[in-house]
Amino acid sequence: MSTIRAESLVVEFPIYGAKSRSLKNTMIRAATGGVLAKDAGDRVVVRALDQITFEWKEGDRIGLVGHNGSGKTTLLRAIAGIYEPIGGSILVEGRVASMLSLMLGMEAEATGYENIFLRGATMGLTRAQIEEIVDDVCAFSELGEYIDMPMRMYSSGMAMRLGFAISTSVKADILLMDEWLSVGDEAFAEKSKRRLSELIDRAKILVLASHSPEVIRANCSRVIRLEHGRVVGEE
């Protein structure tokens, strides 16, 4: 049973070398981001997630909405295990596929082929699991002989196609997305759209953060609204 469960989840980021009053005035003027606080060491911190509690189960299609700095991406990264909470707890049961950073773990000096293994390892795959997806990644990315060349020789579009192909090649129970992805030229973008839709259909739980009401309506059955690191509503 795939589950994501958070109980009084708190994530903070310390602001080193900042004066509390000047920082507070800046944050108030910006009217965005988390809540200012001080930690046990009297450092100024931004509380990006503040006492978040929820339980999402198989079949849930969760849309995260809110202004920039409301905590959407921070929550996705906490679920992915990138950010460690300083309070409360988060439990994730099921294999997670994260679309938060398609290029994470990849190196410019490594070949495309080598980067399949580097990115796959970053995603938590074993070598045997990575070897199973190599042919699919090579075919889908359409890189041809470039797959054996250093990635520094790729255009940005070619690198993104490779990252997308790797990231969407795994079967996941839980899919995390920060905005809808569109990669490459018109023909490849259409192909990537179909692949992403298939990945979403297979996922047991989807968590999608987006500023687009159309994307949220098309893909989500529940909508969670965040504001300054707190849940302020659900639709």
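Values quoted throughout were computed directly from the atomic coordinates according to the rules given, and no laboratory measurement underlies them. The structure presented is a predicted model; accordingly, all values stated were derived computationally and were not measured. Here the Cβ positions follow ideal geometry from the backbone for every residue, glycine too, while neighbour counts run over all protein chains shown.
Some observations on this one:
- Candidates Phe140, Phe164 - the one that is buried (at least 18 other Cβ atoms within 10 Å of the Cβ) and touching a residue at least 60 places away in the same chain (Cβ under 8 Å): Phe164
- Residues in segment 213-230 that are surrounded by 12 or more Cβ atoms within 10 Å (Cβ to Cβ) and closer than 10 Å to Val65 by Cα: Ile216, Val223, Ile224, Arg225, Leu226, Glu227.
- Ile133 vs. criteria touching a Cys at 6+ places or on another chain (Cβ under 9 Å), without any contact (Cβ under 8 Å) to a residue 60 or more places away in the chain and of a type in the set (A, V, I, L, M, F, W, C): no
- Whenever a residue of segment 191-205 is among the aromatic types (Phe, Trp, Tyr), it has no partner that is crowded, with 17+ Cβ neighbours inside 10 Å lying with C-beta atoms less than 8 angstrom away and at least six residues away or across chains.
- Every pair of residues 6+ apart whose Cβ atoms lie under 9 Å, when the first sits in segment 1-12 and is under 10 Å from Ile90 (Cβ atoms) while the second is of a type in the set (A, V, I, L, M) and loosely packed, with under 15 Cβ neighbours inside 10 Å: Ile4/Leu91; Arg5/Leu91; Ala6/Leu91; Glu7/Leu91
- Residue among Leu208, Leu104, Leu125 that is in contact (Cβ under 8 Å) with a residue 60 or more places away in the chain and under 25 Å from Tyr83 (Cβ atoms): Leu208
- Of the residues making up segment 167-190, those that are part of a helix (DSSP H, G or I), free of Cβ contacts under 8 Å to residues at least 60 places away in the same chain and either touching a helix residue (DSSP H, G or I) at 6+ places or on another chain (Cβ under 8 Å) or surrounded by 17 or more Cβ atoms within 10 Å (Cβ to Cβ) (or both) number 1.
- Filter result for the condition that a residue is in contact with a Leu (Cβ under 8 Å, 6 or more places away or on another chain) and either under 22 Å from Leu199 (Cα atoms) or buried (at least 19 other Cβ atoms within 10 Å of the Cβ) (or both), over Gly120, Gly71: Gly71
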